[in-house]
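Shown next, in structure tokens, is the structure this report addresses.
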Amino acid sequence: MDNPTGEITGEDYADAVLRGQVWERRSFVGCDFSEADMRGLVTRGCTFTECVFARTDLGDSEHTASAFRSCRFEGAVLGSASFTSCSLLGSRFAECGLRSLTLVETDLTLVSLSGAELAKAALRGLRLREANLTDADLRDADLREADLTGARLTGARLAGADLRGARLDANALVQASLFGAKVDLDTAVAFAAAHGLVVG
């Protein structure tokens, strides 16, 4: 971290111990944080572009106004991590521990969460446009007023999920199994129409 305010490109932080550090306005491009200990890390206004977080421990970390663009989180621990006013645009999450993950006013556009365990997750009002939620576990998740326009929901489990006020396009309504989900009247009518029913 010799250049804390400049752009750091292509650095290898694999296995690094970065626990509990506070980073502000740092920029990382193409860096490898595989298996790094980043537990309790605090970032404010930082940018990570095309970085790799494979088996990285980000538990209890706090991120505010930071951007993780087209990053790969593979087998990463994100339990009790929080992202506030962040962007995760185009990032991919695979086999990550997401329990107790907190997302507030965070942009998840084009994020891949295929197969993610998001049961009971608080996702209210989040932007999930064109997100890949294929086979995701969204049971009992709070998706009220979330923007799911263009999201892929094939095989997603939504029993008990609250979708009242959420934005879903016709494709999402055809793909999704909404059995047991809570929806408002507008979504119910759109769901019926998407399945070929004539409502009138």
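The values are calculated or read from the model by the stated rules, or taken from the named source; none is laboratory data. All values derive from a computational prediction rather than experimental measurement. Glycine gets a Cβ as well: all are built from the backbone with ideal geometry, and neighbour counts include every protein chain shown. Accessible surface areas use protein heavy atoms only, side chains included; no ligands, DNA or RNA. Shrake-Rupley method; radii C 1.70, N 1.55, O 1.52, S 1.80 Å.
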- Query: Which ones in the range 1-59 are among the polar types (S, T, N, Q) and either modelled with pLDDT under 95 or in contact with a Cys (Cβ under 6 Å, 6 or more places away or on another chain) (or both)?
  - Reply: Asn3, Thr5
- Report, ordered by the first and then the second residue, all pairs with beta carbons closer than 7 Å, sequence separation of six or more or different chains, a first member in the range 116-138 that is closer than 15 Å to Cys96 by Cβ, and a second member that is aromatic (Phe, Trp, Tyr) and surrounded by 20 or more Cβ atoms within 10 Å (Cβ to Cβ). Ala116/Phe93
- Task: Scan the range 63-78 residue by residue and report those that are open to solvent by 10 Å² or more (accessible area, probe 1.4 Å), within 19 Å of Asp15 (Cα to Cα) and assigned to a loop (DSSP other than H, G, I, E, B).
- Result: Gly75
- Query: Restricting to the range 155-167, what's the tally of residues that are in a strand (DSSP E or B) and open to solvent by 30 Å² or more (accessible area, probe 1.4 Å)?
  - Reply: 2
- In this structure, is Arg55 open to solvent by 20 Å² or more (accessible area, probe 1.4 Å), touching an Asp or Glu at 6+ places or on another chain (Cβ under 7 Å) and either among the aliphatic types (A, V, I, L, M) or on the phi > 0 side of the Ramachandran plot (or both)? yes
- Message: Residues that are surrounded by fewer than 19 Cβ atoms within 10 Å (Cβ to Cβ), of a type outside the set (Val, Ile, Thr) and more than 21 Å from Leu101 (Cβ to Cβ): does the range 37-44 have at least one?
- Response: no
- Note on the structure: Within the range 10-62, residues among the aliphatic types (A, V, I, L, M) and in a strand (DSSP E or B) come out as Val17, Val22, Val29, Val42, Val52, Ala54
- Would you be able to tell me the number of residues in the range 95-116 that are surrounded by fewer than 19 Cβ atoms within 10 Å (Cβ to Cβ), under 11 Å from the mean Cα position of the chain (by Cα) and closer than 18 Å to Arg157 by Cβ? 1
- Task: Can you tell me which residue within the range 142-154, out of those that are open to solvent by less than 10 Å² (accessible area, probe 1.4 Å) and either of a type in the set (D, E, K, R) or under 13 Å from the mean Cα position of the chain (by Cα) (or both), is nearest to Lys120 (Cα to Cα)?
- Result: Leu143
- Residues of the range 171-184 being at pLDDT below 85 and either over 14 Å from Gly155 (Cβ atoms) or of a type outside the set (Val, Ile, Thr) (or both), which ones? Asn171, Ala172, Leu173, Gln175, Ala176, Ser177, Leu178, Phe179
- Query: So which residues in the range 65-76 are farther than 20 Å from Glu7 by Cβ and either at pLDDT below 95 or out of contact with any Asp or Glu (no Cβ under 6 Å at 6 or more places or on another chain) (or both), if there are any at all?
  - Reply: Phe73, Glu74, Ala76
- Cβ pairs under 8 Å, 6+ apart or interchain, first in the range 170-187 and over 15 Å from Thr149 (Cα atoms), second open to solvent by 100 Å² or more (accessible area, probe 1.4 Å), ordered by first then second residue, are Ser177/Arg157; Lys182/Arg164; Val183/Arg164; Asp184/Arg164
